Amino acid sequence: MKVKKFNFLFVLGLFVFLSPSIANAEESGKSLTLEKGYETPFEDVILKESEDEDRVIIKGTKKTDGKTEAYDVTVNTETDTYTVEPKEVTSVKEDALISPAATTYTGWVKAITDDPVGVDLTRTTLNFSWYDYGSTVGHRSSSLSTWAANPSSLGTHWYVSDRWKSSPYLYYSNQKLRVEGTGDYYNYDFLDNDKITEVDHYIKVDIQNDGTYDYVVDWGRRGESTITLDLDVEVN
């Protein structure tokens with residue numbers, strides 16, 4: 001069996017119900033094992049494969065402290081394992097902010113699809129800001145941005161087919177706040193102009209009342225030669 005690998009760059013500066021597709025991915029996917037000799041900052045890395053689509057789901061927790069770290073993650077579908085290695089931090093436009101009174105926090109999570117030579121093709125960014133009252137939290141602001149290379153530096157043309165952001169909502173007696181967003185993209189000239197290539201990004205954050213948030217990044221790819229695409233994820 002041919003080994004397929006996904007490479008991910010994780011930059012960390014860092015619905016209560018999921019959509020049906022995400023819920024099914026987590027229920028039927030395989031929780032991968034970290035290979036010996038490596039350490040992982042993630043709580044779980046899940047792989048779901050089907051005849052038409054591959055999905056990778058990353059789960060983690062971030063402390064909003066302004067620190068930035070970078071990781072290169074490789075998933076091996078033959079052994080159901082993954083590795084994590086530190087990488088050089090990439091430059092970012094968005095900054096994680098902490099107010100002088102330490103009661104207002106701002107963070108963001110970004111999913112990027114790029115091609116085999118590292119050219120960005122699509123980007124989905126979920127920005128969020130919240131008030132931390134000590135025992136409870138409150139929504140301050142949130143936004144979703146999507147971007148598709150049209151054209152990319154290699155002359156391919158990508159388009160945004162759909163985007164969605166949830167209405168932020170509080171739960172668990174206002175001790176937690178959830179924000180979600182998705183971006184869907186397609187292309188018809190990746191290789192064959194008669195064949196479609198599709199990718200989608202789903203991002204979820206669950207903000208806690210201790211200056212931290214849990215995050216999920218779910219990435220799907222379908223269509224022509226998508227095995228050559230990979231994912232960068234930035235969290236701050």
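The values are calculated or read from the model by the stated rules, or taken from the named source; none is laboratory data. Small disclaimer: the values here were computed from a predicted structure and weren't measured. Glycine gets a Cβ as well: all are built from the backbone with ideal geometry, and neighbour counts include every protein chain shown. The protein model used for the area step is the full one, side chains on, heavy atoms only, and it has no ligands, DNA or RNA in it. Shrake-Rupley method; radii C 1.70, N 1.55, O 1.52, S 1.80 Å.
Among the residues of segment 178-236, the one identified as open to solvent by less than 50 Å² (accessible area, probe 1.4 Å) and assigned to a helix (DSSP H, G or I) is Thr226. Pairs meeting the criteria (first residue in segment 51-67 and under 30 Å from Asp80 (Cβ atoms) and in a loop (DSSP other than H, G, I, E, B), second residue modelled with pLDDT of 80 or more and open to solvent by less than 60 Å² (accessible area, probe 1.4 Å), beta carbons under 8 Å, at least 6 apart or on different chains) are Asp52/Arg222. The single condition from (1) at pLDDT 95 or above; (2) within 23 Å of Asp114 (Cβ to Cβ) that Arg178 fails is (2). Here Lys4 clears all of (1) at pLDDT 85 or above; (2) surrounded by fewer than 17 Cβ atoms within 10 Å (Cβ to Cβ) except the condition numbered (1).
On the basis of being of a type in the set (Ser, Thr, Tyr), at pLDDT below 85, touching a Leu at 6+ places or on another chain (Cβ under 6 Å) and open to solvent by less than 70 Å² (accessible area, probe 1.4 Å), does Tyr82 make the cut? Yes; evaluated as a whole, the condition is true for this residue. The requirement of being in contact with a Pro (Cβ under 8 Å, 6 or more places away or on another chain), modelled with pLDDT of 75 or more, on the phi < 0 side of the Ramachandran plot and open to solvent by less than 30 Å² (accessible area, probe 1.4 Å) is not satisfied by Gly107.
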